1. Of all the residues that make up the stretch 52-64, how many are over 17 Å from Thr191 (Cβ atoms), touching a helix residue (DSSP H, G or I) at 6+ places or on another chain (Cβ under 8 Å) and more than 14 Å from ligand 1 (Cβ to nearest atom)?
2. Test of understanding: among Ala289, Ala276, which residue is part of a helix (DSSP H, G or I) and surrounded by 13 or more Cβ atoms within 10 Å (Cβ to Cβ)?
3. Given (1) surrounded by 18 or more Cβ atoms within 10 Å (Cβ to Cβ); (2) within 28 Å of Gln76 (Cα to Cα); (3) within 19 Å of the chain's Cα centre (by Cα), where does Gly185 come up short, assuming only one miss?
4. Would you check if Ala86 is more than 17 Å from the chain's Cα centre (by Cα), within 16 Å of ligand 2 (Cβ to nearest atom), in the same structural domain as Ala101 (by TED's automatic domain parsing) and crowded, with 18+ Cβ neighbours inside 10 Å?
5. Any idea which residue in the stretch 64-83 is farthest from Lys27 (Cα to Cα), counting only those that are within 16 Å of ligand 2 (Cβ to nearest atom) and not in a loop (DSSP other than H, G, I, E, B)?
6. Assigned to a helix (DSSP H, G or I), modelled with pLDDT of 95 or more and over 21 Å from Val163 (Cβ atoms): which single residue out of Arg109, Arg114, Arg102, Arg94 fits that description?
7. Could you check the stretch 18-42 and list, in sequence order, the residues that are within 13 Å of ligand 2 (Cβ to nearest atom) and surrounded by fewer than 21 Cβ atoms within 10 Å (Cβ to Cβ)?
8. Hey, any hits in the stretch 4-17 for a residue that's in a loop (DSSP other than H, G, I, E, B) and within 16 Å of ligand 2 (Cβ to nearest atom)?
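The values are calculated or read from the model by the stated rules, or taken from the named source; none is laboratory data. Keep in mind it's a predicted model, so treat the numbers as computed, not measured. Cβ placement follows ideal geometry from the backbone for every residue including glycine, while neighbour counts extend to all protein chains displayed.
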Amino acid sequence: MDAIETRHLTKSFGHVTAVNDISFSVKSGEIFGFLGPNGAGKSTTMMILTTLLKPTSGEAFVGGADVSREPKSVRQKIGYVQQDIAVDEYMTGRENLLLHARLSHMPNRMTESRIDEMLSLVELEQKQHEPVVGYSGGMRKRLDIAGGLLHMPDVLFLDEPTVGLDIQTRRKIWDYIRRIHSEYGVTVFLTTHYMEEADSLCDRIGIIDGGRIVAIDSPARMKDALGSEMISLEVARADSDRMLQELQNMAGMLSDIRCDYGSGAITMVASNGTGAVPKIFGAASRCGAAINAISVTRPTLDDVFLHHTGHEIRDEEDSGFSRGLELARKRRRSSGAP
Ligand SMILES: Nc1ncnc2c1ncn2[C@@H]1O[C@H](COP(=O)(O)OP(=O)(O)OP(=O)(O)O)[C@@H](O)[C@H]1O
Ligand SMILES: [Mg+2]
């Protein structure tokens, strides 16, 4: 059974179709990511899967349970860490987790030990008795993730888990996600608009743009599918003419061959980069050219994104994180707290 399955899932807000006929599945035990720009429909999909929004049409199942017909059963199987940080600033880290445990009706006998375990997982034991107001952004996010995991969900939903965090903190959070995945066997569904996050963390990704999934596969296979690789070659300046002639005879395998006669640097696009390398060495030895350096550059996930969407992902560091802080402050104010 798949951990998540959607069939023709659609969600409209008035005339805006936020999620447009999405069908995909996530295997049990996978780390699966939705990669897409602002407004692509990532959070909306996640909110349907976590039963917070009703789909306009189509179906979705989590752990085999129908999100529309069996929302309670879905909620028991999942942990959800929303895009905006949802911790209470004036409670301590431990108190926040205790509140989480109460809200999810966790049995008292296991609450304390489970909180200890989660605090240790996200390395917040030292800070657990301090109010969250003194925590850094990364620490708040770690606490939020610990809360999502407290009741041992089968599927953990992480909406933009590292948005607005610096790169070191981001890497640290990736490590926690990997540990959560390997130590607890949790299926992880995350959304991101960071290429590196999708590339390094996810077994498979769905590229989502304008409410539609435009591609779905492992990052490696997506890059391979683009096929062409860039080969850069350096030969002695005196050899560059002869070498260029030999390369031009390899049409079919190489294209877009360019030579900088000043430096002897030659670049070309190869339909099969690693396969072309021995043939390039063969060509060099035929014409008596000495190769000083050679490198093969594979397409990146940015190239994949551009290929499928026709535009680059806008990396707006605007930050759900600062929005999260603002939201937490507003909540605090409206509850009359100091
Ligand atoms: N409650 C709502 N009412 C009206 N429109 C909405 C609502 N929620 C989302 N939308 C619209 O649906 C589209 C998808 O929004 P969504 O929040 O799912 O995108 P996202 O991919 O999560 O973007 P981001 O990277 O900014 O978080 C956007 O055009 C958004 O303005
Ligand atoms: Mg979002």
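1. Number of matching residues: 1.
2. Working: Ala289 fails: part of a helix (DSSP H, G or I).
Just a single option satisfies the conditions, and that option is Ala276.
3. (1)
4. Details: more than 17 Å from the chain's Cα centre (by Cα): yes; within 16 Å of ligand 2 (Cβ to nearest atom): yes; in the same structural domain as Ala101 (by TED's automatic domain parsing): yes; crowded, with 18+ Cβ neighbours inside 10 Å: yes.
When the stated conditions are applied, Ala86 passes them.
5. Residues of the stretch 64-83 within 16 Å of ligand 2 (Cβ to nearest atom): 80-83.
Remaining after also requiring not in a loop (DSSP other than H, G, I, E, B): 80-81.
Details: Tyr80: 18, Val81: 20 Å.
Going through the qualifying residues, I end up with Val81.
6. Numbers: Arg109 fails: modelled with pLDDT of 95 or more; Arg114 fails: modelled with pLDDT of 95 or more; Arg102 fails: modelled with pLDDT of 95 or more.
Among Arg109, Arg114, Arg102, Arg94, only Arg94 is assigned to a helix (DSSP H, G or I), modelled with pLDDT of 95 or more and over 21 Å from Val163 (Cβ atoms).
7. Correct list: Pro37, Asn38, Gly39.
8. Filtering the stretch 4-17 down to residues in a loop (DSSP other than H, G, I, E, B) leaves 14-15.
Then drop every residue that is not within 16 Å of ligand 2 (Cβ to nearest atom), which leaves none.
Checking the stretch 4-17: not a single residue is in a loop (DSSP other than H, G, I, E, B) and within 16 Å of ligand 2 (Cβ to nearest atom).
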